[in-house]
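Reviewing the structure listed below.
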Amino acid sequence: MKKLTFAVLCALGLSAQAAPVTSIPGGTVLPMPVLQYFGAGPQVLAPGVIWSSANNSSVYGYDAGYGFASNGFWSGMPMAGTNDSTSTMMLAFSQAVSGVGAFLNYAAPRDYGTATIAAYDSTFTLIESTTLTFLTNGGNNQGEFHGFMENTPSISYFTMTGAYIGATEFTVLAVPEPATYGMLLAGLGLVGMAARRRKT
């Protein structure tokens with residue numbers, strides 16, 4: 001009975017639980033091209049990663065200057081922004097990831113409402129969301145990294161909503177392809193064989 005209880009508790013502990021994070025160790029930064037694009041997209045950020053927006057005036061690959069009212073100003077770094085106070089922009093992943101985030105800024109709540117980010121699974125069921133509350137005191141190219149990580153690759157969509165939210169340095173933590181696992185196991189096997197030969 002104790003073994004069964006332990007197994008159930010372990011299974012519950014391994015269920016998908018996304019947590020808000022301020023960094024993604026081991027994540028890959030997806031470089032954004034400079035396009036000066038205005039529109040709703042879609043735009044390809046990387047193979048299998050698509051950006052889109054609900055606002056036809058959103059910006060993508062834009063580096064010519066983007067304001068966040070009292071929360072500062074960005075210039076010279078390619079970014080994506082909703083370009084209004086209520087719209088949502090989104091990253092969609094063809095293969096679910098276990099972590100996603102970005103360097104973010106937004107127009108402070110006293111100016112244009114709240115900014116939120118959220119992670120969804122492949123059926124667009126909410127996994128986790130959080131409201132941004134940091135303030136930059138009007139600095140240039142200021143912001144914070146925010147995102148989500150979980151213990152299973154279940155994040156298929158990452159949304160950023162409201163308050164003229166802007167994002168750059170999109171970062172993902174992807175699951176290795178099956179071929180990568182095969183190479184890893186083969187490599188571990190070779191290391192094990194080499195260690196045995198040294199012992200004999």
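Rundown of residues vs (1) without any contact (Cβ under 8 Å) to a residue 40 or more places away in the chain; (2) of a type outside the set (V, I, T), yes/no style:
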site	(1), (2)
S53	yes, yes
S57	yes, yes
G61	yes, yes
N71	no, yes
T88	no, no
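Within the set of pairs 6 or more residues apart or between chains, which connect a residue that is closer than 12 Å to G143 by Cβ and of a type in the set (A, V, I, L, M) inside the stretch 155-167 to a residue that is open to solvent by less than 10 Å² (accessible area, probe 1.4 Å) and assigned to a loop (DSSP other than H, G, I, E, B) with Cβ atoms less than 6 Å apart?
As it stands, the answer is I165/T82; I165/Y106; I165/A115, since those pairs meet every condition given.
When residues of the stretch 93-143 are filtered for being part of a strand (DSSP E or B), open to solvent by 50 Å² or more (accessible area, probe 1.4 Å) and of a type in the set (S, T, Y), how many remain? Break it down stepwise before answering.
Our first condition is that a residue be part of a strand (DSSP E or B); within the stretch 93-143, this holds for 93-97, 99-105, 116-120, 126-131, 140.
Next cut, open to solvent by 50 Å² or more (accessible area, probe 1.4 Å) only: 94-95, 126, 128-129, 131, 140.
Then drop every residue that is not of a type in the set (S, T, Y), which leaves 94, 129, 131.
Total satisfying the criteria: 3.
Identify all residues within the stretch 57-66 that are within 16 Å of A163 (Cα to Cα) and open to solvent by 40 Å² or more (accessible area, probe 1.4 Å); write none if there are none.
To start, the set of residues in the stretch 57-66 that are within 16 Å of A163 (Cα to Cα) comprises 57-59, 66.
Selection gives S57 alone.
The values are calculated or read from the model by the stated rules, or taken from the named source; none is laboratory data. All figures in this text were calculated on a predicted structure; none of them were measured in a lab. All Cβ positions, even for glycine, are placed from backbone atoms using ideal geometry, and neighbour counts span all protein chains on display. Ligands, DNA and RNA are excluded from the accessible area calculation, which covers all protein heavy atoms including side chains. Shrake-Rupley method; radii C 1.70, N 1.55, O 1.52, S 1.80 Å.
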